[in-house]
Amino acid sequence: MDLSSLITRGGVWYNVPGKDPAEFVEALAATLRLPAGVSPGDLAMACARREASSPTAMGRGLAFPHPGTPLIAEADSAMVALAYSRYPVDWKAPDGAPVRAAFLILSASRNEHLVTLSALAKLCGDAEFYAALGRRAAIEDIVALIGRKAKA
């Protein structure tokens, strides 16, 4: 599944509260329209377990929280939610920068997860896309940028 579809399914969320990664992910999970069979509590707990083994902060104010193992069975239920934080979140990033935007990834398989993570990391390395995150761009702008970057 392409990144535009994943983000369209997951949505873009603003002013997500939380002063640490666990609070942030818990608040986001409670807000999302999750696939059948996935509860907000289970998602938050799975992400917290993953964070405990290794923080998912990338640096430059970005994080990629996700469960350590797939919580869904169908690829058609996969999603990526982009969440802009209400407060800067100390995510123990390698560069020490607080997180301001996070992409919560929900995939059906490890391979699908790695492909999605790789595509997101590459996209976040693009100056235009990173600037869009900095201005807290709307879903329409994010999806349009992804489409343009995919064609380039």
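Computed from the coordinates by the stated procedures, all read-outs in this text should not be read as laboratory data. Note that the structure is a prediction, hence the values are computed from the model and not measured. Cβ atoms come from the backbone with ideal geometry, glycine included; neighbour counts cover every protein chain shown.
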remark   = Placing each pseudo-label 7 Å from Cα in the direction of the beta carbon, Ala52 and Ala121 end up separated by a distance in nanometres of 2.5
note = Taking the chain and counting helices only, DSSP H stretches of n ≥ 4 at -39,500 (n - 2.57) each over all residues, the nearest-500 ellipticity at 222 nm comes to -14000 deg cm²/dmol
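What percent do you get for the relative contact order of the chain when only Cα pairs under 8 Å and 6+ apart count? It would help to have the intermediate numbers written out before the result.
Numbers: 274 pairs, mean separation 41.0, N = 152.
Relative contact order comes out at 27 percent.
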key: Gaussian network model of the chain, Cα within-10 Å springs - most flexible of Gly61, Gly125, Gly41   = Gly125
remark   = Checked the chain against the a/c 1.5 cut and the a/b vs b/c comparison, axes a ≥ b ≥ c from its Cα gyration tensor; verdict rounded
ask   = Could you give the nm distance between label points at Ser5 and Leu114, where each point is 7 Å from its Cα heading toward the beta carbon?
value = 2.2
inquiry  = Need the C-alpha centroid separation for the stretch 1-31 versus the stretch 40-70, integer Å.
reply    = 11
ask   = Counting DSSP beta bridges with both partners in the stretch 1-120, what percentage is antiparallel, nearest 5?
value = 65
task = Pop the C-beta distance of Asn15 and Lys92 into the FRET formula with R0 = 30 Å and round what comes out to the nearest 0.05.
result = 0.85
ask   = Label Met45 and Arg148 with points 7 Å out from Cα along Cα→Cβ: what is the distance between them in nm?
value = 4.4
